[in-house]
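Have a look at the structure below, then the notes.
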Amino acid sequence: MDKKEIRISEGIYYSQNQNERRSLEDMSSLLMEKVNSVHHLLRSNEELEEALQEEYDPDFASALEENKVVVAKEKAKIIELKLEIFKEYKINISVPEFVEDCSTGLFI
């Protein structure tokens, strides 16, 4: 059986059989894409909130609310992916604190 070494994050590698169901590499890559997406959406939300404090714009307000929904959905997907990776590979992948912070925002 062929084995493949996969880089999970800095200094963390995992050896995987080539024929395993959903590859750890694919799952961790998707997880990091979603983390990056949340990061950019949160930054965009900060900019929209600043602009709205200066002058109200209904388009900005609408975009902000839409982004909040997307952030909540993406955070839920990240948590699901982390759980799936843990169940499948017994690996806990760390993500930035802002991703796991559910103290603000929407709960879906």
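General observations
- Top-ranked residue of the range 59-90 - restricted to ones that are surrounded by 15 or more Cβ atoms within 10 Å (Cβ to Cβ) and touching a residue at least 60 places away in the same chain (Cβ under 8 Å), ranked as nearest to the chain's Cα centre (by Cα): ILE85
- Checking LEU30 against (1) aliphatic (A, V, I, L, M); (2) touching a Leu at 6+ places or on another chain (Cβ under 6 Å); (3) surrounded by fewer than 17 Cβ atoms within 10 Å (Cβ to Cβ), the condition it does not meet: (2)
- Any chance ARG7 is modelled with pLDDT of 60 or more, farther than 19 Å from PRO96 by Cα and of a type in the set (Lys, Arg): no
- Candidates LEU52, LEU41: the one that is touching a Phe, Trp or Tyr at 6+ places or on another chain (Cβ under 6 Å) and either assigned to a helix (DSSP H, G or I) or touching a residue at least 60 places away in the same chain (Cβ under 8 Å) (or both) is LEU52.
The values are calculated or read from the model by the stated rules, or taken from the named source; none is laboratory data. Computed from a predicted model, the values in this text were never measured in an experiment. Every residue, glycine among them, receives a Cβ derived from its backbone with ideal geometry; neighbour counts consider all protein chains shown.
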